[in-house]
Amino acid sequence: MKKYCYLFSEGNASMRELLGGKGANLAEMTHIGLPVPQGFTITTEACTQYYEDGRRINDDIMAEIMANVEKMETINGKKFGDLENPLLVSVRSGARASMPGMMDTILNLGLNDEVVESMISRNPDPKFRRFVYDSYRRFIQMFSDVVMEVGKKYFEELIDEMKERKGVVSDIELTADDLKELATAFKAEYKAKIGEDFPTDPKVQLYEAIRAVFRSWDNPRANVYRRDNDIPYSWGTAVNVMPMVFGNLNDNSGTGVAFTRDPATGEKKLMGEFLVNAQGEDVVAGVRTPMPIAKMAEKFPEAYKQFTDVCSFLENHYRDMQDMEFTVENGKLYMLQTRNGKRTAQAALQIACDLVDEGMRTEEEAVMMIEPRNLDTLRHPQFDAKALKAATPIGKGLGASPGAACGQIVFTAEDAESWNAAGKKVVLVRLETSPEDITGMKSSQGILTVRGGMTSHAAVVARGMGTCCVSGCSEIKMDEENKKFELGGKVYHEGDVISIDGSTGNIYGEAIPTVDAAISGNFGRIMGWADKFRRLQVRTNADTPKDARKARELGAEGIGLCRTEHMFFEADRIHAMRQMIVSDSVEKREVALEKLLPMQQSDFEGIYEALEGCPVTIRFLDPPLHEFVPTAEDEIAALAKDMDMTVADVKAVIAGLHEFNPMMGHRGCRLAVTYPEIAVMQTKAVIGAAINVQKRHPEWNMVPEIMIPLVGEIKELKYVKDVVVKTADETIAAAGVDMKYLVGTMIEIPRAALTADEIAKEAEFFSFGTNDLTQMTFGFSRDDAGKFLGAYYDKKIYENDPFARLDQTGVGKLVKMAATLGRATRPDIHLGICGEHGGDPTSVEFCHGAGLDYVSCSPFRVPIARLAAAQAAIKDRK
C-alpha cells in the first residue's frame, strides 16, 4: 500500500518531492538532532489524491492520518481533545518549491471551551489564563478565515472596537477577560456568517484544516505565484501537523524569523526579528513591528546562544543562506522551519560568490544557485544621487526590498491593478499586505506598509518579485477608509506622488528622478562562470544602435533579429514609404525606394558598428503595408499632392489594403514576391553597409545574414532568394571586394516546420520565430488571447501563457522536427530562436535540449539567457 504519512523521524532532506520543502527540512533537522516539535507530514501525493477524489480526503488517507496522530500523542505524552493533558497542533502547508505567504496555516488547533477551562483550572497564574484565551481567540479567527473563508477583517474590526472601548493601543494590553469576551464574540460572528456553531471536536477541526491547506494549493494567489515562478500545478502541497510550542505563553517566551545572511544585500551577518510573548504569525503577517534579533540576546541569553549555534550549523549543513522560523517557550528553543532563503538578485550574486570564496561551493554550483529570472531586477532603477541629496525624507521605515520607486499613492490592491492598467505608475500604501494583495503588488512600482518588519509578508514577497518595499513605517497615521494618510505633519491623498527608497527605508513626499542601475562586479564574475559552462550562444533582438550597444554591454554575441520595419516609421522616412505604397508602377515605387535606400543603409552601418563584427541577422520587411498608410485627412491630402493623385484615389488605395485577417494576410515574403523591388532595395542596403563597415574595420569579418520572413513553401523562398543573391552579387562585384553573406528564413508557419527538409535546400540558416509559430499552431492571436486565457488558467486547461513560455508539447515538437529535418538536408545549417521565448529560462533549457545553436532575446534579458543556457548545460552533463 502507498504510504501517505511520514513521522518527522522517518524522512530526510532528499524526500522534498514527497514531503514538500518544509516537511523534508523538518525531517532533516530531526535527523541531525535539532530541537523540533515531533509531528508528521501528509505527502504531496495525498494532495493529488484529494483533487482526484473530488476535493475530499478519502477514508483510507484519513485513517492513516489518525493513526499518525496517535503516534504523535505517544511521542509527546499528550492526547488530542484530552482535558487533563491536551495536545494542540499547528497545521501548515509546504510545497516542494517555497511559496512564501501563498498558502495557509492554522495554529492552536484542538482548543474548545472545555479544553480551555480545563487548562486554566490547572494553572492559577493569571498570566496563564490570559495566554489560553489569547490562543483560543487566535485559533477561532484563523480557523474561520482559513478553513471557512470568513474574511479576517470582520474579526480585526471586533479587535479594534474592543481596543477602542478599553482605551488601549496594542493587542498585548488586552486582559484575559477582554480576550475571553473576544473569543465569545468571534464564535458569534462565525455562527452569523456560517449558520452553524464553531466545531468543538478536535478531529473535525483537524479534518477541515487539512482540507483547507490542500484547497489553498488552488487559491487565486497561489495560482498567480505558480504561473510567475514556473511551479507545476501537478506538484501539489504537503501538510505538516506538529505539536504547538507557545511563544505567547508568557514574557519568558517569544517567536522569531531569521536569515543567516542579509536577504537584501547578501552580507554575511545574522539578520532577523523577534517578538516577545507572540506567535509566529505576528512576525510574518506584520501585525506588530518586531525588534531586531540581536535584542534577543538580552532577553533570552541561553536560547540566543543556542540559536546562533544552530544557524551556523544549518548554513554549513545546507551550504546556503537559511531562512528559519523558531519559537522560545519558557526559555527553551524550538526550530519550526528552515529553508534556503528568498533573496534579492543582488544578494543572490553576493552569496554565491562568497560561498565559492569560503570554499563551500564550486563555481558550477554557484551558477546553479541563481534564479535566472531574478537577474531582471538588477536593472531596476535607482534614485539619482544628486536629486536624492537635495531631497528631505518625510519619514522612514525599514528598507525591506531594495530599489527606487516613485508613483501615485493607491490604498488597495484592486486600485493598483486598475491604475496600472490605465498606464499610471503607483505606490501601494497599506497597513500591512496580505497574500490576497499579490496581483496589486505586482502592478506597483513600490510597496509601503505601516506595520511589519523585514520578514513580514510584504517584505518577503517584494524581495521575491524584485519590487521596491519599505515596511513598518509606524509614524504613518493611516485612514484607509478615506484613502489618505498623515506623515511628517502633512496629509497625503490617493493620487498624490511619493517616492520610496527600498535600500534606506526613506520616504519622500515628491517625485525624485531615477537613473539606470549600475551592475556590480559579482555580476561579471557569475556571468564569466556561466559563459564557461554554456554551449548555446546568446544573441539579441535589436533594431537600433543604442539597443545593440546595450546588448553588447550585457554580453550579447550578435543580433538574432533586426526588424527593418521600425526604421520606416520615423518622421523623415514614413513619407517616402507611403509614396512607395500608393505608387501604381514599378518605376514610381523604385523612385520612392531610392529615397529610403541611403537611410536604411546608414541604419545598418550604425548597427554593424555597435556589434563590432559579431553576426547580425536582418529580417526583411514583415508587416502588412496598411500599417504604414496615413489615417489623418491632412496627411492623406499631402500624399495625394506629392504623388499627383486625387484624395479619392489615395483613399481607394488605402481602402484596398484593408484585410480581414492581417496576421495571415499580405505580409512577410509575400510582399517581396509581389514587389521584388522592396527586396532589391533592402539587399543593397544590407550589403552596402557591410562593405563600408568592413573597409573601416579590416580586422572584423563581416558576414551579413539576410532573413526572409513568413516562408511556408520552398518555391517562394527560392523566388525571393534569387532576387537577393542577384542583387547582393552585383553590389559586391561593383564594389570590387570579396564578401560572404548568408540567406536564411524564419520558421514561423507550421508548414515550414513540417517541410523543413525541403526548405533547407535553399535556406542557409533557420531562425524560429516562436511568437508567430505559437499563434499559428494554437490558432489564436497574441493580441486577443488575453480575453480568454484567464478562464483557461482557472479551469486548468493551460498553466501559463504560451506566448511567455514556449509550449514544449506542441510548438516545441515542431521546432525539434524542423531542426532534425533541416540538419538532415544541410548538416552545417545554423539554428536559432528569435521570439520573446529566447529570454525565458525554461524555453532556453528546451532550446539547449533541441540542439539549437543560439537563442536571441531583448537586450535586458541577455544575462538571463546566458545564465539559463549555462544551467541547462550543467544539468545536461549531470
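Among the residues making up the stretch 235-261, those that are polar (S, T, N, Q), touching a strand residue (DSSP E or B) at 6+ places or on another chain (Cβ under 7 Å) and either open to solvent by less than 10 Å² (accessible area, probe 1.4 Å) or closer than 16 Å to Val283 by Cα (or both) are Thr237, Asn240, Ser253, Thr255. Among the residues of the stretch 343-365, those identified as without any contact (Cβ under 8 Å) to a residue 60 or more places away in the chain and either hydrophobic (A, V, I, L, M, F, W, C) or under 18 Å from Pro402 (Cβ atoms) (or both) are Leu355, Val356, Met360. Of the set (1) of a type in the set (A, V, I, L, M); (2) at pLDDT below 95; (3) farther than 24 Å from Ser843 by Cα, all apply to Val720 but (2). For Glu114, the conditions (1) buried (at least 18 other Cβ atoms within 10 Å of the Cβ); (2) touching a residue at least 24 places away in the same chain (Cβ under 8 Å) are fulfilled apart from (1). Checked against the criterion of being surrounded by fewer than 16 Cβ atoms within 10 Å (Cβ to Cβ), touching a helix residue (DSSP H, G or I) at 6+ places or on another chain (Cβ under 9 Å) and at pLDDT below 95, the stretch 14-30 contains not a single residue that satisfies it. The helices (runs of 4 or more DSSP H) falling completely within the stretch 384-499 that include 1 or more residues that are in contact with a strand residue (DSSP E or B) (Cβ under 7 Å, 6 or more places away or on another chain), within 20 Å of Thr289 (Cα to Cα) and open to solvent by less than 10 Å² (accessible area, probe 1.4 Å) map to 457-465. Restricting to the stretch 132-153, count the residues that are modelled with pLDDT under 90 and either buried (at least 24 other Cβ atoms within 10 Å of the Cβ) or of a type in the set (Gly, Ala, Ser) (or both). Of the residues in the stretch 132-153, 1 are modelled with pLDDT under 90 and either buried (at least 24 other Cβ atoms within 10 Å of the Cβ) or of a type in the set (Gly, Ala, Ser) (or both). Taken over the stretch 136-168, the criterion of being on the phi < 0 side of the Ramachandran plot and outside any helix (DSSP H, G or I) is satisfied by Met148, Val150, Gly151, Val168.
Set side by side, the residues Arg215, Arg221 differ, and just one is in contact with a Pro (Cβ under 7 Å, 6 or more places away or on another chain) and closer than 30 Å to Ala804 by Cβ, which is Arg221. Taking the stretch 537-579 as the range and being open to solvent by less than 20 Å² (accessible area, probe 1.4 Å) and part of a strand (DSSP E or B) as the test, the residues that pass are Val538, Arg539, Thr540, Asn541, Ile559, Gly560, Leu561, Cys562.
Residue-by-condition table, conditions (1) of a type in the set (Phe, Trp, Tyr); (2) within 21 Å of Cys857 (Cα to Cα):
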| site | (1), (2) |
| --- | --- |
| Leu754 | no, no |
| Ser767 | no, yes |
| Phe778 | yes, no |
| Ala791 | no, no |
| Asp794 | no, no |
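Entry remark, the stretch 787-804: residues being of a type in the set (D, E, K, R) and either buried (at least 17 other Cβ atoms within 10 Å of the Cβ) or part of a loop (DSSP other than H, G, I, E, B) (or both) number 4 in total.
Listed conditions (1) modelled with pLDDT under 95; (2) within 28 Å of Glu161 (Cα to Cα) are all met by Arg215, apart from (2). Is it fair to say Arg379 is touching a residue at least 24 places away in the same chain (Cβ under 8 Å) and under 19 Å from Ser98 (Cβ atoms)? For Arg379, the condition - touching a residue at least 24 places away in the same chain (Cβ under 8 Å) and under 19 Å from Ser98 (Cβ atoms) - is not met. Listed conditions (1) more than 23 Å from Lys3 (Cα to Cα); (2) open to solvent by 20 Å² or more (accessible area, probe 1.4 Å); (3) among the charged types (D, E, K, R); (4) touching a residue at least 12 places away in the same chain (Cβ under 8 Å) are all met by Arg92, apart from (1).
Checked against (1) more than 26 Å from Lys187 (Cβ to Cβ); (2) touching a residue at least 60 places away in the same chain (Cβ under 8 Å); (3) touching a Ser or Thr at 6+ places or on another chain (Cβ under 9 Å); (4) of a type in the set (A, V, I, L, M), Ala46 meets all criteria but (3). Among the residues of the stretch 640-675, the one identified as hydroxyl-bearing (Ser, Thr, Tyr) and assigned to a helix (DSSP H, G or I) is Thr674. Say whether the condition of being in a helix (DSSP H, G or I), without any contact (Cβ under 8 Å) to a residue 40 or more places away in the chain, open to solvent by 30 Å² or more (accessible area, probe 1.4 Å) and on the phi < 0 side of the Ramachandran plot is met by at least one residue in the stretch 513-525. The answer is yes; a qualifying residue exists. In this structure, Val367 does not qualify as surrounded by 21 or more Cβ atoms within 10 Å (Cβ to Cβ) and over 28 Å from the mean Cα position of the chain (by Cα). Beta carbons closer than 8 Å, at least 6 apart along the sequence or on distinct chains, pair a first residue in the stretch 130-142 that is in contact (Cβ under 8 Å) with a residue 40 or more places away in the chain and over 20 Å from Lys153 (Cα atoms) with a second that is of a type outside the set (Ser, Thr, Tyr) and outside any helix (DSSP H, G or I) for Phe131/Phe246; Phe131/Asn248; Phe131/Leu249; Phe131/Asn250. Taking the criterion of being over 23 Å from Leu88 (Cα atoms), buried (at least 16 other Cβ atoms within 10 Å of the Cβ) and modelled with pLDDT under 90, would at least one residue in the stretch 154-161 satisfy it? For the stretch 154-161, residues over 23 Å from Leu88 (Cα atoms), buried (at least 16 other Cβ atoms within 10 Å of the Cβ) and modelled with pLDDT under 90: present. Restricting the first member to the stretch 790-809 and to residues that are of a type in the set (Lys, Arg), and the second to residues that are open to solvent by 30 Å² or more (accessible area, probe 1.4 Å), the beta-carbon pairs closer than 6 Å and six or more apart or on different chains are Arg805/Thr842. For the residues Ala530, Ala458, Ala517, the requirement of being within 20 Å of the chain's Cα centre (by Cα), over 17 Å from Gly407 (Cβ atoms) and among the small types (Gly, Ala, Ser) singles out Ala517. Kindly indicate whether Glu164 is loosely packed, with under 14 Cβ neighbours inside 10 Å and either more than 21 Å from Ser253 (Cα to Cα) or modelled with pLDDT of 90 or more (or both). The answer is yes for Glu164. Say we look at the stretch 210-234 and pick out the residues that are of a type in the set (Lys, Arg) and over 15 Å from Met148 (Cβ atoms); which of these is surrounded by the fewest Cβ atoms within 10 Å (Cβ to Cβ)? Per the criteria, the residue is Arg227. Taking helices (runs of 4 or more DSSP H) as the structural unit, those lying wholly within the stretch 685-786 and holding at least 2 residues that are of a type in the set (D, E, K, R) and open to solvent by 30 Å² or more (accessible area, probe 1.4 Å) correspond to 714-735, 756-759.
Comparison of Pro623, Pro662, Pro698, Pro630 shows that the only residue that is over 26 Å from Gln537 (Cα atoms) and free of Cβ contacts under 8 Å to residues at least 40 places away in the same chain is Pro662. Residues that are over 18 Å from Lys813 (Cβ atoms) and aromatic (Phe, Trp, Tyr) within the stretch 740-779 comprise Tyr741, Phe765, listed in sequence order. Across the stretch 623-676, which residue is least open to solvent (accessible area, probe 1.4 Å) among those that are farther than 30 Å from Ile708 by Cβ and modelled with pLDDT under 90? Per the criteria, the residue is Ala632.
The values are calculated or read from the model by the stated rules, or taken from the named source; none is laboratory data. Please read these numbers as outputs of a predicted model, since none were measured by experiment. With ideal geometry, Cβ positions are generated from the backbone for all residues, glycine too; neighbour counts draw on all protein chains shown. For the accessible areas, the whole protein counts, side chains as well, though only heavy atoms, and no ligand, DNA or RNA atoms are used. Shrake-Rupley method; radii C 1.70, N 1.55, O 1.52, S 1.80 Å.
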